[in-house]
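A.B. asks: Before we start, here is the structure in question, set down as C-alpha cells.
The values are calculated or read from the model by the stated rules, or taken from the named source; none is laboratory data. The structure displayed is predicted, hence computed values, not measured ones. Cβ sites come from the backbone with ideal geometry, for glycine too, and all protein chains shown count toward neighbours.
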C-alpha cells in the first residue's frame, strides 16, 4: 500500500500506547457490556523479539494502525491487537498490516499464524478469510472469542 510504512515499536512508546488504548475503546464500543477493566493485555516482553513483534503502521507520517505477533509455541505465532484507526479505514491498511505481521511471524521462525476473533468483528473475520485463514478449534480459551483461525505462512 502506497504511503504506509510499518515499523517495529516498543509497546511502551507513546504511539503504541495511544493506538492500543484506541483499540480497547473500539472493542468497548462494539461489545455490549464488555469490561475493559477485566481485559488482560499481553505482557510487553511478549511483543519484542525474540518472543514477538509489535508493528505500528504510519500513513503519511501519522501512526494509524497497530498489530502484534507473538510466538505461542515453536513454529506458531499468534496475531494480536490488529487495529486501524477509523480515519484510516477503507484504504487497504488492514490487509497491508496483516501481510506485515505475517512477514514478522516468518522472521521469528514461524510457519503458521493463528488468531482469534469475535462474531461482532465482521470486518476482521472477512479480512482473515480473504487472506486464506481457515477456522480451527479453540486453541487459547479466550472467553471473548467466537472464532479461531490459522494459516500456513510457507
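A.B. asks: Take the residues of region 1-21 that are within 23 Å of residue 90 (Cβ to Cβ) and surrounded by fewer than 16 Cβ atoms within 10 Å (Cβ to Cβ): which is modelled with the lowest pLDDT?
C.D. replies: The extreme case among them is 2.
A.B. asks: Residue by residue through region 1-29, note down the ones that are in contact with a strand residue (DSSP E or B) (Cβ under 8 Å, 6 or more places away or on another chain), part of a loop (DSSP other than H, G, I, E, B) and farther than 19 Å from residue 51 by Cα.
C.D. replies: The answer is 3, and nothing else.
A.B. asks: Kindly check whether there is at least one residue in region 65-79 that is modelled with pLDDT of 95 or more, touching a helix residue (DSSP H, G or I) at 6+ places or on another chain (Cβ under 7 Å) and over 21 Å from residue 115 (Cβ atoms).
C.D. replies: Checked against the condition, which is being modelled with pLDDT of 95 or more, touching a helix residue (DSSP H, G or I) at 6+ places or on another chain (Cβ under 7 Å) and over 21 Å from residue 115 (Cβ atoms), region 65-79 yields no hits at all.
A.B. asks: I've got another one for you. Only one residue in 81, 129, 89 is free of Cβ contacts under 8 Å to residues at least 60 places away in the same chain, surrounded by 13 or more Cβ atoms within 10 Å (Cβ to Cβ) and within 21 Å of residue 26 (Cα to Cα). Which one? I'd like the intermediate steps shown before the answer.
C.D. replies: Numbers: 81 fails: free of Cβ contacts under 8 Å to residues at least 60 places away in the same chain; 129 fails: within 21 Å of residue 26 (Cα to Cα).
Within the list 81, 129, 89, the selection yields 89.
A.B. asks: Scan 115, 98, 47, 59 and give me the residue that is at pLDDT below 95, buried (at least 21 other Cβ atoms within 10 Å of the Cβ) and farther than 19 Å from residue 25 by Cα. Break it down into steps so the answer makes sense when it comes.
C.D. replies: Values: 115 fails: at pLDDT below 95; 98 fails: at pLDDT below 95; 59 fails: buried (at least 21 other Cβ atoms within 10 Å of the Cβ).
Criteria check complete, one pass: 47.
A.B. asks: Taking region 66-89 as the region of interest, how many residues are farther than 20 Å from residue 142 by Cα and in a strand (DSSP E or B)?
C.D. replies: 2
A.B. asks: What tally of residues in region 123-148 results from selecting those that are closer than 18 Å to residue 112 by Cβ and at pLDDT below 95?
C.D. replies: Number satisfying all stated conditions: 3.
A.B. asks: May I pose another question? For region 59-74, which positions are touching a strand residue (DSSP E or B) at 6+ places or on another chain (Cβ under 6 Å) and within 14 Å of residue 111 (Cβ to Cβ)? Talk me through it step by step, then tell me what you get.
C.D. replies: Taking region 59-74 and keeping what is touching a strand residue (DSSP E or B) at 6+ places or on another chain (Cβ under 6 Å), we get 59, 63-72.
Answer for region 59-74, where residues must be touching a strand residue (DSSP E or B) at 6+ places or on another chain (Cβ under 6 Å) and within 14 Å of residue 111 (Cβ to Cβ): 69, 71, 72.
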